[in-house]
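Colleague: Got a structure for you, written out below as structure tokens; questions coming shortly.
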Amino acid sequence: MTTTPSTTFPAPPADEGARLAAVLRYRALETPSDGTYDRIAALAARIFDAPMATVAIVDADQVRFLAAHGPAGTTRTDRAPGLRASAVLQDGPYVVTDARTDPRAQDHPLVVGDPGVRFYAAAPLTTPDGRRLGTVDVLDTRPRRATRAQLASLQDLAALVMDELESRLSAARTIAAERERRTEAERLARALQRTLLPPTLPKVPGLKAAAAYHTASPHEVGGDFYDLFPLDDGRWAFFIGDVCGKGADAAALTSLTRYTLRAAAIYDPDPCAALANLDLVLKGEYQGSDPRYCTAVFGVLQPLSDGSFTVALAGGGHPPALALRADGTVRPVSTMGGQLVGMLPSPRFVQTSIRLSPGESLLLYTDGLTEARTPDGALLGEDGLARYLAGGTDRATDDPQHALLNSVEALLDELGDGVNDDTALMALSVPAHPGTSFQENR
């Protein structure tokens, strides 16, 4: 079976732009080889008992090979009319029985030069919407004819190539859609996370405060929270905590927890009372459903005439705060024995008090920090964090709160993949020298 010889080369069709757009859409030129196309080319050569066969894509000015059986090293040729460039203009098989006498192909470089092609047969790679991307073809150095069965098999092989390209296109689209979904989810998660935290911390006379949030995964909304706000009597309240779970449920619980603690402090600023009120609200809100709980530390700052602050702290299942003393030591402020908020029938909350003198700081954090893994696989723990801070924090700076957070964030960076959970941080520092207070979130 042959095509009727023509004395002129076929002109590019009017839809050539759409055809080239289809080539780009299928990304066939960038598709890595996994051997599929090589096997198809080898099978085509075997069916025709021919020395050469290719799976080719016809681009705007070049022919590129997804597979080439026969002469090695060829990955592309110029788009010359007569063979593949002409085959993609045909709806069905394209056959040249003797290229030296066929005016369509006799001037083609592969005919007049190496390897001296005489016979050529191709089936187009046709997309479901009728765009021809390229060919599955066979070449021989002797003139010959093709049987109907051989051409039918060549068309079947071309259909297999298209099935593979369709599969890869579908996979590429799925991956792209997933990336877009993850990007959008990440953007929404970051936006939602910002709404759950105060945009800035207020200025506290005589105190420097800063907060930071370290995200372990950009794709999930964590449940860590913190806040700092004034009370009516000149004191200041603060809290930090971590709700159970991730995602939208955790976000809802975080919002409820944060605003409940602020309202509880207005009603009764006693630290243990604030946690007890939160416990009642959580149990009432989630009554009859799975328990929703959190850990939290609630504190009240009382300024003193000498520039110091007393700090009353109550803890409910939360890691201990760390006091960085003026003598260089780091001491835990333990609320050990305080139980989870919202979980137990009659939870116990533990309260303690400390004094922060000029040159001293208090670090509050969530357990994403202390439950991080060190390079040897061990948990960092409260003791490991205390040792790290004792040896690596600049306390002589004018912004000790920033120096403290910078030191902790450097530790988180060092731990890298060992950090598996979000970490909220709050640093409260009494300046060593009187000056204007400065508070911010980072």
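Colleague: With the crude spin-label approximation of a point 7 Å out along Cα→Cβ, what separation in nm comes out for MET336 versus THR374?
Modeller: 2.0
Colleague: Work out, step by step, the length gained on full extension between GLU414 and GLU180: first 0.36 nm times the residue separation, then minus their alpha carbon distance; give nm to one decimal.
Modeller: 81.2 nm
Colleague: Additional query: Check which residues have an amide H placed less than 5 Å from ALA216's amide H, if you skip close sequence neighbours.
Modeller: Those lying under 5 Å, H to H, from ALA216 are ASP422, THR423.
Colleague: Between THR329, THR127, THR74, find the one with the highest GNM mean-square fluctuation for the chain; connect C-alpha pairs within less than 10 Å.
Modeller: Its mean-square fluctuation being the largest, the pick is THR74.
Colleague: Need one word for region 53-169: rounded, prolate or oblate. Basis is the Cα gyration tensor (sqrt eigenvalues a ≥ b ≥ c); a/c below 1.5 gives rounded, then a/b vs b/c decides.
Modeller: prolate
Colleague: Kindly express, to the nearest 10 degrees and within the range 0 to 90, the angle between helix 400-415's C-alpha long axis and the longest C-alpha principal axis of the chain.
Modeller: Result, in degrees: 40.
Colleague: Turning to a different aspect of this structure: Compute a Gaussian network model of the chain, connecting alpha carbons closer than 10 Å, and tell me which residue from GLY338, GLY416, GLY315 fluctuates the most.
Modeller: Of GLY338, GLY416, GLY315, the most mobile in the Gaussian network model is GLY416.
Colleague: Sorting check: for 381-390, 134-143, which peptide has the highest mean count of neighbouring beta carbons within 10 Å, and how do the rest follow?
Modeller: Descending packing order for the listed peptides: 134-143, 381-390.
Colleague: Further question on the same structure: Most exposed first by the Cβ proxy, i.e. fewest other Cβ within 10 Å, how do GLU184, GLU285 rank?
Modeller: Starting with the residue having the fewest Cβ neighbours, the order is GLU184, GLU285.
Colleague: At ALA172 and ASP327, where each label point lies 7 Å from the Cα along Cα→Cβ, what is the point-to-point distance in nanometres?
Modeller: 6.9
Colleague: What value, in deg cm²/dmol to 500, does the helix sum -39500 (n - 2.57) over DSSP H runs of n ≥ 4 give at 222 nm once divided by the residues of the chain?
Modeller: -11000 deg cm²/dmol
Colleague: Could you tell me whether region 289-334 comes out rounded, prolate or oblate from its Cα gyration tensor? Rule is a ≥ b ≥ c as square roots of the eigenvalues, rounded for a/c under 1.5, then prolate if a/b exceeds b/c, otherwise oblate.
Modeller: oblate
Colleague: If you don't mind, there's one more thing I want to ask. What is the distance in Å between the Cα centroid of region 361-375 and that of region 415-433?
Modeller: 7
Colleague: Could you calculate the contour length gain from TYR267 to THR310, that is, 0.36 nm times the residue separation minus the distance between their Cα atoms, to one decimal place in nm?
Modeller: 13.4 nm
Colleague: Please report THR101, THR370 as a ranked list, fewest other C-beta atoms within 10 angstrom at the top and most at the bottom.
Modeller: THR101, THR370
Colleague: Quick check on region 196-441: what does the Kirkwood estimate of hydrodynamic radius come out to from the alpha carbon pairs, in Å?
Modeller: 18.0
Colleague: Please give the helix 247-267 orientation as an angle from the longest Cα principal axis of the chain, in degrees from 0 to 90, rounded to the nearest 10.
Modeller: So the helix axis and the longest Cα principal axis differ by about 20 degrees.
Colleague: Just to confirm a number: summing +1 for Lys and Arg and -1 for Asp and Glu over residues other than VAL333 whose beta-carbon lies under 12 angstrom from that of VAL333, what do you get?
Modeller: +1
Colleague: By how many degrees, 0 to 90 and rounded to 10, does the Cα axis of helix 16-26 deviate from the longest principal axis of the chain?
Modeller: Relative to the chain, helix 16-26 is tipped by roughly 50 degrees.
Colleague: Of the chymotrypsin sites (Phe, Trp or Tyr not before Pro) in region 239-307, which ones lie in a loop per DSSP and count no more than 15 other C-beta atoms within 10 Å?
Modeller: TYR286
Colleague: Further, regarding this structure: In whole Å, how far is the Cα centre of region 223-286 from that of region 78-98?
Modeller: Centre-to-centre (Cα) distance: 75 Å.
Colleague: For VAL300, what charge total do you get from the other residues with a beta carbon under 9 Å from its beta carbon, if Lys and Arg give +1 and Asp and Glu give -1?
Modeller: My count for the surroundings of VAL300 gives 0.
Colleague: Under 1.5 on a/c is rounded, so check that first for region 190-294, then, if it is not, pick prolate when a/b is larger than b/c and oblate when it is not; a ≥ b ≥ c are the square roots of the alpha carbon gyration tensor eigenvalues.
Modeller: Oblate, since a/c reaches 1.5 and b/c is not below a/b.
Colleague: If you take every residue apart from GLY82 with its C-beta less than 9 Å away from the C-beta of GLY82, what net charge results, scoring Lys and Arg +1 and Asp and Glu -1?
Modeller: Summing Lys and Arg as +1 and Asp and Glu as -1 gives 0.
Colleague: Figure the gain on full extension for ASP249 and GLN287 (residue separation times 0.36 nm, minus the Cα-Cα span) and round it to one decimal in nm.
Modeller: Answer, rounded to one decimal: 12.2 nm.
Colleague: Something else now. Name the aspartates and glutamates eligible as straight-distance cross-link partners of LYS203: C-alpha to C-alpha under 13 Å, and not fewer than 8 places from it in the same chain.
Modeller: Once the sequence-local aspartates and glutamates are set aside, what remains near LYS203 is ASP227, GLU440.
Colleague: If you don't mind, there's one more thing I want to ask. Using the number of other C-beta atoms within 10 angstrom as an exposure proxy, rank THR374, THR126 with the fewest first.
Modeller: If I rank by nearby Cβ atoms, fewest first, I get THR374, THR126.
Readers should treat all values here as calculations from the given coordinates under stated rules, not as data from a laboratory. Please read all numbers here as calculations on a predicted model, not as lab measurements. Positions of Cβ are backbone-derived with ideal geometry, glycine not excepted, and every protein chain shown enters the neighbour counts.
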